[in-house]
Amino acid sequence: MNITTLLFIILSVVAAFAGIMMITSKNPVHSILWLIVVFFAISGHYIMLNAQFLAIVNIIVYAGAIMVLFLFVVMLMNLNADTEPVKNYRLRLIGVISGGSLLLVLLAALMDIDKQQLVQMNVGDAGLIKELGKNLFTNYVLPFEISSVLFLSAMIGAVIIGKKQ
Amino acid sequence: MDIKAYIALSLVLFSIGMVGILMRRNAIIIFMCVELMLNAVNLLLVAFSKMHAVGEAAKALPTVASDAQIFVFFIMVVAAAEVSVGLAIIVMLYRNTHSIDVNFLNRLKN
C-alpha cells in the first residue's frame, strides 16, 4: 500500500466519521464544528487530486465564510442541546433505513463497471490557478459576470428578508 | 486511484446528508446537510475531471479537466448565495415562531 492510498483511506474515514457525528450530535454548535472537519477532509482530497485552487476556495468559502455564518446564526439564537427538537424513534429509524437503501441501490448500480478507470493523482495542471484563470476569463467570462448579478440579488434578498417589519 | 473509490466515498457522504435531512427537525442542521450533499457532488465532479484529464477526452478537448473544475467553482458560488438567503429565512422564521423546528412550518400560516 503506497502513501496515496493510505492518505485516501484516512481522509475518507475522517470525512465519513465527521459526517455521521454531524447528523447525530445534539448540540447544533458541535454539528457545525463536525461539518467543518468534513470540509477540511474534502479539501485534503482536492489537494491529493492536484486541484489546488478548489482546495483553497473550499477552505476559504466553506470552512471560513459559510460555516462562520452558520455559527453566528446559531449563537444569535442561543441554541443548545436543551432546545433541540427531536423526532421520535420510529421516524428516525425510517429515515436511516431509507437513506441506507438509497446508498445500497446507488452503490450496486455504480460499482458494476467492468473497465477499471484510473484517476490521475498528484500530477496534471488542470487544477492550477493559471489554467483555471485562463479558461474562466476566456470561455466562461459571461457566466462569471452573471454570477455577480446573482450575488447582488442574494445580498438584496437577504437584507430585505432579514429586515424587521 | 480507481474512480470507484471516489464514487463510493461521494455516495457515502451524499447518503449521510440524505439521512440527516430525513432524521433531524432543526432547520439549520437540515440546511447543513444540503451543504454536505453539495460537497459530495463537488468531490465526485473533481474526481471525474481528473479521470478525463488523460486519454481520449483530453485529446478531443484540451480544457476538459479545467472546464469541470470551473463547474465546481460555479456550484460553490451558487451555494454561497443560497446560504445567505436561506439563513436570512431561518432568522426570520426564528423571530416569528421563537423556534427553528421545521414542524412549525407544516401549515404555512400564522
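The values are calculated or read from the model by the stated rules, or taken from the named source; none is laboratory data. Keep in mind it's a predicted model, so treat the numbers as computed, not measured. Note that we place each Cβ from the backbone using ideal geometry, even for glycine, and neighbour counts take in every protein chain shown. To get the accessible areas, we keep the full protein, side chains included, count just its heavy atoms, and leave off ligands, DNA and RNA. Shrake-Rupley method; radii C 1.70, N 1.55, O 1.52, S 1.80 Å.
Looking for something open to solvent by 10 Å² or more (accessible area, probe 1.4 Å) and among the hydroxyl-bearing types (Ser, Thr, Tyr) - is there at least one such residue anywhere in region B:31-50? No. In region A:84-97 there is at least one residue that is facing another protein chain (nearest Cβ under 9 Å), over 16 Å from residue B:19 (Cβ atoms) and not small (Gly, Ala, Ser).
Any chance region B:10-29 includes a residue that's in contact with a His (Cβ under 9 Å, 6 or more places away or on another chain) and either farther than 30 Å from residue A:159 by Cα or at the interface with chain A (Cβ under 7 Å from one of its Cβ atoms) (or both)? No, there is no match, as no residue in region B:10-29 is in contact with a His (Cβ under 9 Å, 6 or more places away or on another chain) and either farther than 30 Å from residue A:159 by Cα or at the interface with chain A (Cβ under 7 Å from one of its Cβ atoms) (or both).
The set of residues from region B:73-104 being surrounded by 13 or more Cβ atoms within 10 Å (Cβ to Cβ), more than 8 Å from every other protein chain (Cβ to nearest Cβ) and without any contact (Cβ under 8 Å) to a residue 24 or more places away in the chain comprises just one member, B:104.
Within the group A:132, A:102, which residue is touching a residue at least 12 places away in the same chain (Cβ under 8 Å), not assigned by TED's automatic domain parsing to the domain that holds residue A:30 and not charged (D, E, K, R)?
On the way: A:102 fails: touching a residue at least 12 places away in the same chain (Cβ under 8 Å).
Of the residues listed, the single one that is touching a residue at least 12 places away in the same chain (Cβ under 8 Å), not assigned by TED's automatic domain parsing to the domain that holds residue A:30 and not charged (D, E, K, R) is A:132.
Residue check: is residue A:8 within 23 Å of residue B:69 (Cβ to Cβ) and either touching a residue at least 24 places away in the same chain (Cβ under 8 Å) or of a type in the set (Ser, Thr, Tyr) (or both)? Judged against the criteria, residue A:8 is a match. Exactly one of (1) more than 24 Å from residue B:20 (Cα to Cα); (2) hydrophobic (A, V, I, L, M, F, W, C); (3) within 7 Å of chain B (Cβ to nearest Cβ) is unmet by residue A:55. Its number? So residue A:55 meets the others, but not (3).
A search for C-beta distances below 9 Å between a residue of region A:12-30 that is within 13 Å of residue B:20 (Cα to Cα) and any residue that is open to solvent by 80 Å² or more (accessible area, probe 1.4 Å) and of a type in the set (Phe, Trp, Tyr), counting only pairs 6+ apart in sequence or on different chains, returns A:18/A:40.
Return yes when residue A:136 is open to solvent by 70 Å² or more (accessible area, probe 1.4 Å), within 8 Å of chain B (Cβ to nearest Cβ) and on the phi < 0 side of the Ramachandran plot and no when it is not. No, not satisfied.
What do you reckon, is residue A:149 assigned to a loop (DSSP other than H, G, I, E, B) and more than 7 Å from every other protein chain (Cβ to nearest Cβ)? Against the criterion (assigned to a loop (DSSP other than H, G, I, E, B) and more than 7 Å from every other protein chain (Cβ to nearest Cβ)), residue A:149 does not qualify.
For region A:39-48, indicate whether the set of residues that are out of contact with any Asp or Glu (no Cβ under 7 Å at 6 or more places or on another chain), under 20 Å from residue B:31 (Cβ atoms), of a type in the set (Ser, Thr, Tyr) and modelled with pLDDT of 90 or more is non-empty. For region A:39-48, residues out of contact with any Asp or Glu (no Cβ under 7 Å at 6 or more places or on another chain), under 20 Å from residue B:31 (Cβ atoms), of a type in the set (Ser, Thr, Tyr) and modelled with pLDDT of 90 or more: absent.
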